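The values are calculated or read from the model by the stated rules, or taken from the named source; none is laboratory data. Bear in mind that the values here come from a model prediction, so they are computed numbers and not experimental data. Cβ placement follows ideal geometry from the backbone for every residue including glycine, while neighbour counts extend to all protein chains displayed.
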Amino acid sequence: MNKKLSKTEKLKDLKEKLDHYQKKLDHEMKSYRGVIHESAASEIKHSMVMVYQSMVMEL
């Protein structure tokens, strides 16, 4: 299943991934208020936001 991609195909794939994760990050940021003290749900949401931010920055 390892198919060699041309540079243009790789670039297109990376742009699609960037769009995908940027939309996810935008959605999560709508209700993001930071980490609420001793709230597991808040800490999980914070972790998700940080992962999406990292993914967008790396792409």
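Quick notes on this structure:
- Taking the numbered list (1) without any contact (Cβ under 8 Å) to a residue 40 or more places away in the chain; (2) in a helix (DSSP H, G or I) in turn, residue 17 passes all entries but (1).
- Of the numbered criteria (1) assigned to a helix (DSSP H, G or I); (2) loosely packed, with under 11 Cβ neighbours inside 10 Å; (3) not acidic (Asp, Glu), the one residue 4 fails is (1).
- Where a residue in the range 33-59 is under 14 Å from residue 17 (Cβ atoms) and in contact (Cβ under 8 Å) with a residue 24 or more places away in the chain and its partner, wherever it lies, is aromatic (Phe, Trp, Tyr) and outside any loop (DSSP other than H, G, I, E, B), with Cβ under 8 Å and at least six apart: 52/21; 55/21; 56/21; 59/21
- Of the set (1) in a helix (DSSP H, G or I); (2) within 16 Å of the chain's Cα centre (by Cα); (3) polar (S, T, N, Q), all apply to residue 31 but (1).
- Subset of the range 1-26 (residues that are modelled with pLDDT under 90 and not charged (D, E, K, R)): 1, 2, 5, 6
- Count of the range 28-49 residues which are of a type outside the set (Val, Ile, Thr) and surrounded by 11 or more Cβ atoms within 10 Å (Cβ to Cβ): 10
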